[in-house]
Amino acid sequence: MKIFRLILILALALCPGPRLHAQLTNLVDGVLAVVNDTVITRQQVVEFTAPAIDSLRREYAGQSETVFQQKLTGVINDGLEQLVERQLILHDFDAQGYRMPDSYLDEMVQDRIRDRYSDRVTLMKTLQARGETFEGFREDVRDQAIETFMRSKNVAQEIVISPYKVETYYQAHQDDFKVEDEIKLRMIVLNKTAGDDTNTVNLAREIRGKIMEGAAFAEMASVYSQDSLRSQGGDRGWVERSVLRKELADAAFALQPGQVSDVIEMPDACYLMLIEQTRPSHVKLLNEVRDDIEKNLRTQEQARLEKQWIARLKAKTFILHF
């Protein structure tokens, strides 16, 4: 603790602004970082990461406390780094002489209230329950808007993904675009009321009989099928073997185009399948994956440029971690 206080005294000496001095004096035991004249406290980090912490608690409920604590530490550290980066960005916004008009901020606040809280009364009740203020809410809206603007200005606008980069990536990652054998499938699903439900089995056999006599499979599916694709005539489009349950996959991939399966009885349901077309394993064409590749490359490039930009901001900013 003596060392901790010594560092704080040093911080006061190096950056003696009145705002920083007051904050450090009152929050000696809660300071996690100082960025220029702004203090980031443990409470701020906990509030900032609260949704992630709640999700973590649900995910690791009943599991090892040691594992949970490790994950929690990671979330806290990530949250602290995000808040440090936000302060770097806010400082750069001010340093470059940008200003946000009050009228623009008022409009954004109203949009946030409408989108997330419906009205101001609901917002105020929510803030009161959290122990927060409207002024803090307004400042948070401002900070988020500035961060979005600055990231877009310094990173997003600089990203250009050329067709050559896309094609080069495609050629170097052929395995990523391989597709298994596929079938164009329609399916009728009849749910059982119990494991020994013979009525459903008999109904499935009757439906199959009608189909074999000439009834359209899609029409039978739209009338009888009990799954979410009933209105589409049981159309599942192109599917790979791995998408289906093993029993269904084995039966489906043994059929030829135009063939209808026998009744496939499972503990929970009975199934009928029609194979409309088959397609052997292949590598997707570049035109099929171009958008996905460009999105992936853009994400990678954005991460690289953001890292460089934040590093430049850190190099010219006073930052102290505790």
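The values are calculated or read from the model by the stated rules, or taken from the named source; none is laboratory data. This one's a predicted model, so the numbers in the text were calculated from it and none came from an experiment. Neighbour counts run over all protein chains shown; Cβ positions are idealised from the backbone, glycine included. Remember, those area values only see protein heavy atoms, side chains included, never the ligands or the DNA or RNA. Shrake-Rupley method; radii C 1.70, N 1.55, O 1.52, S 1.80 Å.
What to note about this one:
- Meets criteria (open to solvent by less than 40 Å² (accessible area, probe 1.4 Å), over 30 Å from Leu285 (Cβ atoms), touching a strand residue (DSSP E or B) at 6+ places or on another chain (Cβ under 7 Å) and not in a helix (DSSP H, G or I)) for Val189: yes
- In the stretch 203-216 there is no residue that is β-branched (Val, Ile, Thr), touching a Leu at 6+ places or on another chain (Cβ under 8 Å), outside any helix (DSSP H, G or I) and surrounded by 13 or more Cβ atoms within 10 Å (Cβ to Cβ).
- Condition check for Thr317: surrounded by 15 or more Cβ atoms within 10 Å (Cβ to Cβ) and either over 19 Å from Asp227 (Cβ atoms) or in contact with a helix residue (DSSP H, G or I) (Cβ under 6 Å, 6 or more places away or on another chain) (or both): yes
- Assessment of the stretch 249-258 against the conditions (open to solvent by less than 80 Å² (accessible area, probe 1.4 Å) and under 31 Å from the mean Cα position of the chain (by Cα)) yields at least one matching residue.
- Among the residues making up the stretch 230-239, those that are surrounded by fewer than 16 Cβ atoms within 10 Å (Cβ to Cβ) and either touching a residue at least 24 places away in the same chain (Cβ under 8 Å) or under 16 Å from Pro280 (Cα atoms) (or both) are Gly237, Trp238.
- Which listed residue is in a helix (DSSP H, G or I), open to solvent by 30 Å² or more (accessible area, probe 1.4 Å) and over 28 Å from Val179 (Cα atoms), from Ser222, Ser242: Ser222
- Some residue of the stretch 176-192 being modelled with pLDDT of 95 or more, out of contact with any helix residue (DSSP H, G or I) (no Cβ under 8 Å at 6 or more places or on another chain) and more than 18 Å from Gln259 (Cβ to Cβ): yes
- Qualifying residue in the stretch 265-277 (condition: open to solvent by less than 80 Å² (accessible area, probe 1.4 Å) and part of a helix (DSSP H, G or I)): no
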